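What follows is calculated from the coordinates using simple rules that are stated; it is not laboratory data. Here the structure is a predicted model, which is why all the values come from computation and not from measurement. Cβ coordinates were reconstructed from backbone atoms using ideal geometry, including for glycine residues, and neighbour counts include every protein chain displayed.
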Amino acid sequence: MTTSTPRRATVIGTGLIGGSIGAALRARGWHVSGSDADPAAARRALELGVIDEVGVDPESEITFVATPVSLVAAVAREALAATGGVVTDVGSVKESVADAVRDPRFVGGHPMAGSEQLGVEGARDDLFEGAVWTLTPVAHTSDEAFETVRSVVGSLGAEVLTLDPAQHDALVAVVSHVPHLTAASLMRLATERSEEHRALLRLAAGGFRDMTRVAAGSPDIWPDICTSNRTAILATLDHLVGELGRFRALVDAGDRAGLLADLTAAQDARRNLPSRVAAPDDVTEVRIPVRNEPGQVAAVAVLATDLGVNLRSLQTVDATEGRGGVLHVVLESSEAEVLHRALVERGYRPSLERLE
């Protein structure tokens, strides 16, 4: 009986996210190497079993850069030079990295997952199951590299979302960066008031605790994030200040109807937020002939995101040197016609097949 050779990966940065990636890959049979700027952190990751050995494996099929945002570009370039496989990152700012790392084997990425636990001690092999993992390929990104990264992160249980880097940064400022700054502001307010009223922090449970949960995350990463995504964060903060000012005016005027209308709209929007991802039972495969040019696969993935369509799998097959190939994507049958129609409008010639 022969034993198959395990796939190989490297994780650079063995904190919570990097450690969880290592643990998730190892749980799926990968051989994972890991390194960290702090040698003690890498040794601890080895002790905890989230990596197999310390170091960067030159034979890695994929390398994940899980460093602070300000270091991602430099470390990614080093990983590209040290390995022959694809390289991706997990930073929450993408446009500056895409501008700095212009290599076909690099695919920007950002898993929307985390924990109140800090460091590798909080690493979990199921952290990404049902989470959204954004990929941000650009025009020069190799389709093979994009497909590899997409397949690997999808195998960890994540729903893959493909966005333009600038679009990613604008959206994440709304759903992640400014909410963290808002939570920090509320905690600062509560702490200052607690000096006057000792009972305040004892009352700060329930909704207040839920709203400020993200403030428990590591503060060390946030100066880098705020510097790298400054423009989008400032625009979103200005918008938030305007919204708070509008609520202030409604409260000041005693406008019960206006308050009720806005709060009801917020309630409806909150109830419609998606929960964890569940696999559909009714799926269709869309087959799309594509040209032998970089960015063809990514272009279809970005189009799907713009349409609000979730691609469950994506693979190029029947590729012939110089002649392109056929991109096979699988999605919910209810969304297949939406994608099909949009592809036809853009000059593609897709076909549909419902899968039993």
Legend entry - Charged-residue dipole, Cβ positions (Lys, Arg, Asp, Glu), the chain about Cα centre, Debye nearest 20: 500
Inset, instruction - Step through the residues of the range 230-239 one at a time and calculate ³J(HN,Hα) from phi using the Karplus curve (6.51 cos²θ - 1.76 cosθ + 1.60, θ = phi - 60°), rounding each to whole Hz and writing x for Gly and Pro. - result: 4, 4, 5, 5, 4, 4, 6, 4, 4, 5
Inset, instruction - Convert each backbone phi in the range 150-163 into a coupling constant with the Karplus relation 6.51 cos²θ - 1.76 cosθ + 1.60 (shift: θ = phi - 60°), then list the ³J(HN,Hα) values in order as whole Hz, x for Gly and Pro. - result: 4, 5, 5, 5, x, 5, 7, x, 8, 8, 8, 10, 10, 9
Legend entry - DSSP bridge pairs, the chain: antiparallel proportion in percent, nearest 5: 55
Legend entry - Charge dipole (the chain, unit charges on Cβ, about Cα centre) - positive-most of GLY108, VAL302, ALA170: ALA170
Inset, instruction - Enumerate the calculated ³J(HN,Hα) couplings along the range 174-189 in order (Karplus 6.51 cos²θ - 1.76 cosθ + 1.60, θ = phi - 60°), each rounded to whole Hz, writing x wherever the residue is Gly or Pro. - result: 6, 9, 9, 5, 5, x, 5, 5, 5, 4, 5, 5, 5, 5, 5, 4
Inset, instruction - Measure nothing but the geometry: give the 0 to 90° angle between the long axis through the Cα atoms of 256-271 and the longest principal axis through the Cα atoms of the chain, rounded to 10°. - result: 30
Legend entry - Amide proton proximity set for LEU161, modelled H, under 5 Å, gap of 5+: TRP133, THR134, LEU135
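By count of other Cβ within 10 Å, fewest leading, how are LEU331, LEU186 ordered? Can you show the working numbers first?
Details: LEU331 21, LEU186 15.
Going from sparsest to densest Cβ surroundings: LEU186, LEU331.
Can you pull out the trypsin sites (Lys or Arg not before Pro) in the range 145-198 whose DSSP state is coil and whose Cβ has at most 12 other Cβ atoms within 10 Å?
On the way: sites: ARG150, ARG188, ARG193, ARG198; in loops: ARG198.
Those satisfying the criteria are ARG198.
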Legend entry - Gain on full stretching of the segment that runs from ALA139 to ALA265 - 0.36 nm per residue minus C-alpha separation: 41.5 nm
Inset, instruction - Report, in degrees rounded to the nearest 10, the 0 to 90 angle that the Cα long axis of helix 69-82 makes with the longest principal axis of the chain. - result: 10
Legend entry - Under 5 Å, built H, 5+ apart or other chain: amide partners of THR63: THR10, VAL86, VAL87, THR88
Inset, instruction - With everything on Cα atoms, drop me the angle between helix 333-345 and the longest principal axis of the chain, reported from 0 to 90° to the nearest 10. - result: 70
Inset, instruction - Would you pull out the residues with amide H under 5 Å of VAL290's amide H, same chain only if 5 or more places away, H placed 1.01 Å from N? - result: GLY325, VAL326, LEU327
Legend entry - FRET efficiency for LEU244 and ARG193, using Cβ-Cβ distance with R0 set to 30 Å, rounded to 0.05: 0.95
Inset, instruction - Can you tell me what the convex hull of the Cα atoms of the range 8-163 projects to on average, as an area in nm²? - result: 7.7
Inset, instruction - Please give the calculated 222 nm ellipticity per residue for the chain, where each DSSP H segment of at least 4 residues contributes -39500 (n - 2.57) and the sum is spread over every residue; nearest 500 deg cm²/dmol? - result: -14000 deg cm²/dmol
